[in-house]
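**Q** Would you mind keeping the following structure in view while I ask a few things?
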Amino acid sequence: MESFVFKTVIFVFIIVCGFIRMPFMKKCKRNHNVKSVNSIFEKTKVFIAWLGMCLVPFLYVFTHLFDKFDIYLPLYVRIIASIGFAANALFFYYIHKQLSDNWSPVLEIKERHKLITDGIYKYIRHPMYTQSWLWVILQGIVAANWFVLVFGIVTWGFMYFTRVFNEEKMMIEEFGEEYLNYMQHTGRLLPKLF
Ligand code: SAH
């Protein structure tokens, strides 16, 4: 019963995030890009991250392939992680709304690309990546499964570390001083404290 509930939490979270992303994916296809960085490598990385954030959790939900990696976690830990996981879906929606037409799954500069520096972007340069780190960590805790946790962290981590510096380089090339100034008072994943 317990396992059924937590599997449902993971399944619903991924489906909800899929629905949240869909209209932004459509918008992204409609808005022409004027610059695209390393497109094939970027798409491959998106696919690799998708394996850890969607496919493996789905296999965990619907098969017994990863049962041998189950770990014991107290019930309250998994309940708290589930609440955080649900809140993370709201965060996912909020960030998409904020980035709006400027969002893309790969590194791109759109026609009429606007640098967003308000809302959560006033404090953090990459809130969507903060959200993804929380996704893979909370998902592994809700599942109480080593494989789901480690595979999610490794696949997303690969995507993050091979992307974030190129993304900042692209933004500096596009927005120059404006982005450099923006970097001064924002943190990459968490607000800058000093
Ligand atoms: N790294 C950001 C955005 C991820 S989506 C985050 O974690 O929230 C990736 C696209 O967002 C990139 O192609 C880039 O063009 C765009 N982007 C990144 N930061 C942006 C910003 N502050 N304003 C507008 N577009 C941004």
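The values are calculated or read from the model by the stated rules, or taken from the named source; none is laboratory data. Remember, it's a predicted structure, so these values are computed and weren't measured experimentally. Positions of Cβ are generated from backbone atoms using ideal geometry, with glycine treated the same way; all protein chains shown enter the neighbour counts. Accessible surface areas use protein heavy atoms only, side chains included; no ligands, DNA or RNA. Shrake-Rupley method; radii C 1.70, N 1.55, O 1.52, S 1.80 Å.
**Q** Among Gln139, Gln131, Gln184, which one moves the most in a GNM of the chain with springs linking Cα atoms closer than 10 Å?
**A** Its mean-square fluctuation being the largest, the pick is Gln184.
**Q** Run a plain Debye calculation on the chain (Cα atoms as equal point scatterers, no solvent) and give log10 I(q)/I(0) at q = 0.10 Å⁻¹, rounded to two decimals, same order as the q list.
**A** The Cα Debye sum returns log10 ratios of -0.44.
**Q** Counting Lys +1, Arg +1, Asp -1, Glu -1, what net charge surrounds Ile48 among other residues with beta carbon under 12 Å of its beta carbon?
**A** +2
**Q** Keeping all protein chains in position, work out how much accessible area Lys97 exposes to a 1.4 Å probe, and write it in Å² to the nearest 10.
**A** Only protein atoms counted, so the area is about 120 Å².
**Q** With a 1.4 Å probe and all protein chains kept in place, how do Tyr179, Tyr123 rank by accessible area, largest first?
**A** Tyr123, Tyr179
**Q** Over the C-alpha atoms of region 105-146, what are the Rg and the largest Cα-to-Cα span, Dmax, in Å?
**A** Calculated on Cα positions, Rg and Dmax stand at 14.7, 44 Å.
**Q** Ranked from the most accessible area to the least, with a 1.4 Å probe and all protein chains present, what is the order of Glu173, Glu111?
**A** The residues order as Glu173, Glu111, largest area first.
**Q** Oh, and also: With a 1.4 Å probe and every protein chain left in place, tell me how much accessible area Glu108 has, in Å² to the nearest 10.
**A** Surface accessible to solvent at Glu108 totals approximately 30 Å².
**Q** With all protein chains present and a 1.4 Å probe, how do Ile172, Ile10 order by accessible area, largest first?
**A** Descending order: Ile172, Ile10.
**Q** Among Met53, Met170, Met22, whose mean-square fluctuation peaks in a Gaussian network model of the chain (Cα, cutoff 10 Å)?
**A** Comparing Met53, Met170, Met22 in the GNM, the peak value goes to Met22.
**Q** How many percent of all Cα-Cα pairs in region 141-194 sit more than 12 Å apart?
**A** Counting every Cα pair in region 141-194, those more than 12 Å apart make up 73 percent.
**Q** For every other residue with a beta carbon closer than 15 angstrom to the beta carbon of Asp67, add +1 if it is Lys or Arg and -1 if Asp or Glu, then tell me the sum.
**A** 0
**Q** Note down the accessible area of Phe66, probe 1.4 Å, to the nearest 10 Å².
**A** 20
**Q** Compute the semi-axes of the equivalent ellipsoid of region 1-67, taking the square root of 5 times each eigenvalue of the Cα gyration tensor, and list them largest first in whole Å.
**A** 31, 16, 6
**Q** Follow-up question, since we're still on this one. Cα-based Rg (one decimal) and Dmax (whole number) for region 99-194, in Å?
**A** Cα-based Rg and Dmax for region 99-194 come out at 15.0, 45 Å.
**Q** Using a Cα-Cα cut-off of under 25 Å, which lysines could be cross-linked to Lys169, ignoring same-chain neighbours fewer than 8 residues away?
**A** Hits, sequence-local ones excluded: Lys27, Lys29, Lys35, Lys43, Lys45, Lys97, Lys110, Lys114, Lys122, Lys192.
**Q** Okay, moving on. Starting from the amide H of Lys110, placed 1.01 Å from N in the peptide plane, find each other amide H under 5 Å away whose residue is 5 or more places distant or on another chain.
**A** Val34
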